[in-house]
Amino acid sequence: MNFDYYASLAEQKSCPKKVNECGLASGFADGCLVWSCNGNKAKNEARKCYMKRASELESLKLPGELNFEPDFSQLPHPSWFGIEVEFTLLSPWYSKDDRSFHVLDNPVRKDRVFGVPFMSAASWKGLLRWACRMQADLYGHLESHGMKTDGWKDPAWIVHLFGNERGEGEEFSRGALIFYPTWFSKAGFEVINPHNRKTRAGTQPIYYEVVPAGTKGSLRMLYAPLPGEVENDKVKPVGVIANLIDGITALLKTYGISAKRTAGWGTTRIDMWTGFVKASDQPAKVESRSGKKTFYSLQELGSLVSDQNPPGSFTSKDAEGFKAEIRSRIAQKGGGR
């Protein structure tokens with residue numbers, strides 16, 4: 001079957017009229033790659049075809065049946081809570097795809113099956129850890145140590161949130177934060193054209209497949225400390241979360257979340273903060289036997305449970321208001337000590 005597939009790809013020598021988002025992961029993308037191997041002219045035509053068809057896709061999204069979005073409505077413990085930060089890109093976002101071969105030199109990272117651009121949970125964790133370290137004066141340490149991290153030790157609140165570095169021995173901790181990937185709905189293209197210093201003329205344009213400015217996304221994370229972890233780490237949840245919110249704000253609005261951040265890529269505008277805590281322990285609604293329902297999926301059953309136990313969610317448009325609400329909710333749950 002593999003030989004038949006690649007043999008059929010070799011027959012693609014013109015641009016198809018229409019493709020879907022899955023074509024950005026295989027099929028159409030693979031066909032453009034094979035097409036580009038037939039000389040410089042074919043390479044340019046294949047690139048133009050790929051960029052044209054990818055730009056025409058108005059909305060890239062995962063099938064709703066997969067239900068990949070995290071559900072914070074049924075948190076099991078009062079000390080757990082979810083955070084969602086909705087943002088809008090002010091500049092292009094880029095992370096290099098892990099495909100070894102592609103018709104473009106710099107394709108954006110996409111899901112290998114559905115072709116939807118995404119930022120991985122591991123990327124979020126690494127960037128946010130770095131932003132929190134900058135909040136803890138990592139830059140001052142670098143200045144006083146010849147721009148080296150020798151002797152740097154993460155404060156207790158950073159270890160509590162993100163865990164230890166790799167290679168830690170006996171006291172290894174994974175951290176209390178769980179991250180989720182961010183899926184984007186649009187793909188676009190940027191061109192960087194290096195200039196010759198003598199002639200001051202462009203040499204060879206370099207194409208980047210990106211998520212364009214104006215695209216919306218959401219950062220989602222779950223704060224889920226293990227029993228006794230707060231006491232063992234000797235931290236106060238109120239202070240830890242306040243520092244985390246400051247780190248999120250600095251990362252999204254100042255540092256950026258993209259590759260090529262030094263060129264200004266990946267900066268965002270924060271649109272909304274949403275917090276989720278364990279729902280109140282009020283009795284659930286009880287339906288009469290005459291009101292029985294038949295459920296055809298787990299999603300329908302989950303919707304019923306969510307309706308019977310309203311989640312304790314709250315929103316704020318600014319970071320300070322969100323911190324104040326978080327502080328109040330933690331105090332109500334008895335976790336502010």
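The values are calculated or read from the model by the stated rules, or taken from the named source; none is laboratory data. Everything numeric here is computed off the predicted structure, so don't read it as measured data. Positions of Cβ are backbone-derived with ideal geometry, glycine not excepted, and every protein chain shown enters the neighbour counts.
Got a number for residues in the range 34-75 being more than 18 Å from CYS22 (Cα to Cα) and under 29 Å from the mean Cα position of the chain (by Cα)?
As a first pass, look at the range 34-75 and keep what is more than 18 Å from CYS22 (Cα to Cα): 35-45, 48, 69-75.
Next, from what is left, pick out any that are under 29 Å from the mean Cα position of the chain (by Cα): 48, 69-75.
Of the residues in that region, 8 qualify.
Just to be sure before I move on: is SER79 surrounded by fewer than 19 Cβ atoms within 10 Å (Cβ to Cβ), in the same structural domain as ALA121 (by TED's automatic domain parsing), of a type in the set (Ser, Thr, Tyr) and part of a loop (DSSP other than H, G, I, E, B) in the structure I sent?
Judged against the criteria, SER79 is not a match.
Exactly one of (1) in a loop (DSSP other than H, G, I, E, B); (2) over 30 Å from ALA176 (Cβ atoms) is unmet by PHE68. Its number?
With (1) in a loop (DSSP other than H, G, I, E, B); (2) over 30 Å from ALA176 (Cβ atoms) applied to PHE68, the lone miss is (2).
What pairs come up if the first residue lies in the range 241-261 and is closer than 22 Å to GLY321 by Cβ, the second is outside any loop (DSSP other than H, G, I, E, B) and among the small types (Gly, Ala, Ser), and their beta carbons are under 6 Å apart, counting only those six or more places apart or on different chains?
Once the first residue is closer than 22 Å to GLY321 by Cβ and sits in the range 241-261, its partners that are outside any loop (DSSP other than H, G, I, E, B) and among the small types (Gly, Ala, Ser) give ILE245/ALA319; GLY247/ALA131; THR249/ALA319; ALA250/ALA131; LEU251/ALA131.
Taking strands (runs of 3 or more DSSP E) that do not extend beyond the range 156-258, which have at least 3 residues that are closer than 16 Å to TRP124 by Cβ and not charged (D, E, K, R)?
On the way: elements: 177-180, 188-192, 206-210, 216-223.
Strands (runs of 3 or more DSSP E) meeting the threshold: 177-180, 216-223.
List, please: which pairs have Cβ atoms under 7 Å, are six or more places apart or on different chains, and start with a residue in the range 89-113 that is in a strand (DSSP E or B) and end with one that is of a type in the set (Ser, Thr, Tyr)?
LEU89/THR215; LEU89/THR268; TRP93/SER258; ASN106/TYR207; ASN106/TYR208; VAL108/TYR94; VAL108/SER95
Can you give me the number of residues within the range 76-134 that are farther than 21 Å from LYS216 by Cα and among the aromatic types (Phe, Trp, Tyr)?
Qualifying residue count, the range 76-134: 4.
Kindly provide the set of residues from the range 84-113 that are among the hydrophobic types (A, V, I, L, M, F, W, C) and surrounded by fewer than 19 Cβ atoms within 10 Å (Cβ to Cβ), ordered by number.
The initial filter retains those residues of the range 84-113 that are among the hydrophobic types (A, V, I, L, M, F, W, C), namely 85, 87, 89-90, 93, 101, 103-104, 108, 113.
The answer is LEU90, PHE101, VAL113.
Within the range 162-169, is even one residue in contact with a helix residue (DSSP H, G or I) (Cβ under 8 Å, 6 or more places away or on another chain) and either outside the structural domain of ARG261 (by TED's automatic domain parsing) or closer than 30 Å to LYS216 by Cα (or both)? Even if it seems obvious, please write down each step before you answer.
Keep residues of the range 162-169 that are in contact with a helix residue (DSSP H, G or I) (Cβ under 8 Å, 6 or more places away or on another chain), which gives 162.
Now narrow it down to the ones that are either outside the structural domain of ARG261 (by TED's automatic domain parsing) or closer than 30 Å to LYS216 by Cα (or both): 162.
Within the range 162-169, one or more residues are in contact with a helix residue (DSSP H, G or I) (Cβ under 8 Å, 6 or more places away or on another chain) and either outside the structural domain of ARG261 (by TED's automatic domain parsing) or closer than 30 Å to LYS216 by Cα (or both).
Between HIS141, HIS145, which is surrounded by 15 or more Cβ atoms within 10 Å (Cβ to Cβ) and of a type outside the set (Val, Ile, Thr)?
Numbers: HIS145 fails: surrounded by 15 or more Cβ atoms within 10 Å (Cβ to Cβ).
Exactly one of HIS141, HIS145 is surrounded by 15 or more Cβ atoms within 10 Å (Cβ to Cβ) and of a type outside the set (Val, Ile, Thr), namely HIS141.
What pairs can you find where one residue is in the range 320-332 and surrounded by 13 or more Cβ atoms within 10 Å (Cβ to Cβ), the other is among the small types (Gly, Ala, Ser) and assigned to a helix (DSSP H, G or I), and their Cβ atoms are less than 9 Å apart, with a gap of 6+ or different chains?
Cβ pairs passing all conditions: LYS323/ALA242; ILE326/ALA242; ARG327/ALA242.
Which of the residues spanning the range 16-65 are among the charged types (D, E, K, R) and surrounded by fewer than 18 Cβ atoms within 10 Å (Cβ to Cβ)?
LYS17, LYS18, LYS41, LYS43, LYS48, LYS52, GLU56, GLU58, LYS61, GLU65
Of the residues GLU11, GLU65, only one is modelled with pLDDT under 85 and closer than 17 Å to VAL113 by Cβ; which? Break it down stepwise before answering.
On the way: GLU11 fails: closer than 17 Å to VAL113 by Cβ.
Criteria check complete, one pass: GLU65.
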